[in-house]
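A quick write-up on the structure given underneath.
The values are calculated or read from the model by the stated rules, or taken from the named source; none is laboratory data. Everything quoted here is computed from the prediction, not taken from an experiment. Note: ideal-geometry Cβ built from the backbone for every residue, glycine included; neighbour counts use all protein chains shown.
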Amino acid sequence: MFGIKRPKSIDDKTWEKYQEDVTAKVLLLEKQGWPIESIKEFGKYFKEMLGRKGQSSNMSEIVSSCYSDTQIVGTKVFDNMWYAWKADRISASESKKKLSGLMKITGMDKLDEKSSADQLRAVADKINKKMKPDDKFWGSLAGTVEKAYYPNGMKGDLGKQLHLFRYVISYQQAKYIVDNYKGRTDEEKLINYIVKEKIWNWTADESARLHQKLYTNSQNTIIYPNGHSNANGGVNLKVVTNTRFRSEFIIIGDGKFLALLDKDATQDAKANCSSFNYARQNDYIHQVLDVNPAGENYNYEHQFREEARYIHDKYGNRIIDTNTGKEKIFAAPKLSNMNQYENNVNKFQKKFKGRVLS
């Protein structure tokens with residue numbers, strides 16, 4: 001199989017075991033939906049690894065190791081298999097098959113809006129820890145999603161899984177920055193990433209309105225989610241890379257990222273967190289692929305995130321506004337009200353850009 005000749009040093013029993021192991025792994029890949037073109041890439045990778053380690057090595061162990069590599073997004077063999085599958089150039093239905101395979105590999109196919117943060121963090125472990133936010137795979141994934149779901153919308157279980165996966169991607173990307181670059185704060189580490197890696201397609205000018213959720217009571221007193229920072233004017237900054245849009249980093253005034261799946265995520269982090277965008281700019285495609293699935297018409301959002309948007313009493317119960325009879329909920333300011341934050345937002349943006357370009 002895979003054009004590998006039996007080494008003279010291997011006996012019949014060992015050779016049969018190797019063939020059984022390879023056949024079993026190929027069947028598993030087929031079950032995940034990989035086409036023959038991709039499985040051939042698995043074979044090439046196995047031959048390469050066998051050549052490196054020598055044919056006197058334990059072939060079954062090499063088969064197992066190579067298969068494990070196919071189950072991590074962003075490894076060499078995964079990338080080769082992914083790009084061998086030309087679904088994004090074929091049809092919406094074939095693109096959905098490809099995306100379904102990705103969800104099976106990551107384990108997202110078993111999760112939904114009721115899943116916990118711990119379960120979603122486990123999915124992030126299925127992404128290569130060395131994958132940068134600007135890795136070309138993310139653009140390929142986004143293009144495949146667009147082919148599969150635009151303009152009809154992110155409907156069905158697969159659409160929901162892909163929507164929830166946006167927060168996993170964003171968590172992995174933020175963690176990559178935090179774990180791999182120097183700085184006293186997450187903001188400084190992001191600056192060092194942009195500078196060191198010569199990232200040119202970034203901007204701090206995208207609107208962060210949806211990441212400034214707050215509550216104004218009947219006395220016009222503003223209440224912020226727990227964990228809110230008053231530094232830098234009390235506003236949150238949005239920095240995006242990857243076509244200046246796809247990879248989001250939401251930064252609070254004291255320089256920390258707001259990521260939904262952080263183990264120490266505050267209420268502010270859950271309500272105002274970053275997410276990966278499948279669209280490449282703020283247009284109608286963005287509405288269809290990224291914005292609408294987070295709205296009430298879909299109800300795809302994580303339940304633990306949705307709960308964080310409400311104001312609770314000390315017993316954890318949602319508080320009712322006696323004037324309106326409605327539950328108190330943190331919401332983004334209206335566009336017409338953003339002018340009162342404009343000065344502080346501009347200062348934060350200018351400060352960040354100045355530090356990158358200095």
Q. Of the conditions (1) over 22 Å from Cys273 (Cα atoms); (2) in contact with a helix residue (DSSP H, G or I) (Cβ under 7 Å, 6 or more places away or on another chain), His163 fails just one. Which one is it?
A. (1)
Q. Would a scan of the range 188-206 turn up a residue that is in a loop (DSSP other than H, G, I, E, B), closer than 21 Å to Glu306 by Cα and touching a Leu at 6+ places or on another chain (Cβ under 7 Å)?
A. no
Q. Considering only residues of the range 303-333 that are among the β-branched types (Val, Ile, Thr) and in a loop (DSSP other than H, G, I, E, B), which is farthest from Leu141 (Cα to Cα)?
A. Thr322
Q. In this structure, is Tyr300 in contact (Cβ under 8 Å) with a residue 12 or more places away in the chain and in a loop (DSSP other than H, G, I, E, B)?
A. yes
Q) Does Glu301 meet the test of being surrounded by fewer than 24 Cβ atoms within 10 Å (Cβ to Cβ), among the acidic types (Asp, Glu) and within 24 Å of Asp125 (Cβ to Cβ)? A) yes
(Q) Between a residue in the range 109-130 that is under 12 Å from Tyr171 (Cα atoms) and any residue that is of a type in the set (S, T, N, Q) and surrounded by 15 or more Cβ atoms within 10 Å (Cβ to Cβ), which pairs come within a Cβ distance under 7 Å, given they are 6 or more apart or on different chains? (A) Val123/Thr106; Ala124/Gln172; Ile127/Gln172
Q: For the range 285-297, enumerate the residues that are out of contact with any helix residue (DSSP H, G or I) (no Cβ under 9 Å at 6 or more places or on another chain) and assigned to a helix (DSSP H, G or I).
A: Gln287, Asn292
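From Tyr181, Tyr171, grab the single residue that is under 29 Å from Lys129 (Cα atoms) and within 18 Å of the chain's Cα centre (by Cα).
Every option except Tyr171 fails the conditions.
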**Q.** Selection count, the range 228-257, where residues are farther than 22 Å from Glu113 by Cβ and either among the hydrophobic types (A, V, I, L, M, F, W, C) or outside the structural domain of Glu342 (by TED's automatic domain parsing) (or both)
**A.** 10
(Q) I need every pair where a residue in the range 93-108 that is assigned to a helix (DSSP H, G or I) has its Cβ under 8 Å from the Cβ of a residue that is among the basic types (Lys, Arg), sequence separation at least 6 or different chains. (A) Ser95/Lys147; Ile105/Lys126; Thr106/Lys126
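Scanning the range 152-168 for residues that are more than 14 Å from the chain's Cα centre (by Cα), in a helix (DSSP H, G or I) and not charged (D, E, K, R), which turns out surrounded by the most Cβ atoms within 10 Å (Cβ to Cβ)? Full working, then the answer.
First pass over the range 152-168, keeping only residues more than 14 Å from the chain's Cα centre (by Cα): 152-159.
With the extra rule that they be in a helix (DSSP H, G or I), the set shrinks to 156-159.
Retained after the next criterion (residues that are not charged (D, E, K, R)): 156, 158-159.
On the way: Gly156: 11, Leu158: 19, Gly159: 21.
Filtering the range 152-168 for residues that are more than 14 Å from the chain's Cα centre (by Cα), in a helix (DSSP H, G or I) and not charged (D, E, K, R), the one surrounded by the most Cβ atoms within 10 Å (Cβ to Cβ) comes out as Gly159.
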Q. Looking at (1) touching a residue at least 40 places away in the same chain (Cβ under 8 Å); (2) exposed (fewer than 15 other Cβ atoms within 10 Å of the Cβ); (3) in the same structural domain as Asp125 (by TED's automatic domain parsing), can you tell me which one Glu37 breaks?
A. (3)
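Which residues, taken from the range 12-26, are of a type in the set (D, E, K, R) and within 10 Å of Met59 (Cα to Cα)?
Narrowing the range 12-26 to residues of a type in the set (D, E, K, R): 12-13, 16-17, 20-21, 25.
Scanning the range 12-26 gives Lys17, Asp21.
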(Q) When you check Thr203 against the structure, is it more than 16 Å from Val291 (Cα to Cα), out of contact with any Lys or Arg (no Cβ under 7 Å at 6 or more places or on another chain) and either surrounded by fewer than 18 Cβ atoms within 10 Å (Cβ to Cβ) or modelled with pLDDT of 95 or more (or both), yes or no? (A) no
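Quick test for you: out of Ser57, Ser91, pick the one residue that is modelled with pLDDT under 95, under 31 Å from the mean Cα position of the chain (by Cα) and over 16 Å from Ser140 (Cβ atoms). Steps first, answer last, please.
Numbers: Ser57 fails: under 31 Å from the mean Cα position of the chain (by Cα).
Of the residues listed, the single one that is modelled with pLDDT under 95, under 31 Å from the mean Cα position of the chain (by Cα) and over 16 Å from Ser140 (Cβ atoms) is Ser91.
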Q: Would you check which residues across the range 313-337 are surrounded by 11 or more Cβ atoms within 10 Å (Cβ to Cβ) and either within 29 Å of the chain's Cα centre (by Cα) or closer than 21 Å to Leu261 by Cα (or both) and list them?
A: Ile329, Phe330, Ala331, Ala332, Pro333
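Could you list all residues from the range 133-151 that are surrounded by 19 or more Cβ atoms within 10 Å (Cβ to Cβ) and either among the β-branched types (Val, Ile, Thr) or touching a Ser or Thr at 6+ places or on another chain (Cβ under 8 Å) (or both)?
Once the filter is applied, which keeps residues that are surrounded by 19 or more Cβ atoms within 10 Å (Cβ to Cβ) and either among the β-branched types (Val, Ile, Thr) or touching a Ser or Thr at 6+ places or on another chain (Cβ under 8 Å) (or both), the range 133-151 yields Pro133, Asp134, Trp138, Thr144, Val145, Lys147, Ala148.
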Q) Name the residues in the range 181-230 that are under 20 Å from Tyr341 (Cβ atoms) and of a type in the set (Val, Ile, Thr), would you? A) Thr203, Thr216, Thr221, Ile222, Ile223
Q: Starting from the range 258-274, take each residue that is not assigned by TED's automatic domain parsing to the domain that holds Asp118 and surrounded by 20 or more Cβ atoms within 10 Å (Cβ to Cβ) and list its partners that are at pLDDT below 95 and assigned to a helix (DSSP H, G or I), counting only C-beta distances under 7 angstrom and pairs at least six apart or across chains.
A: none
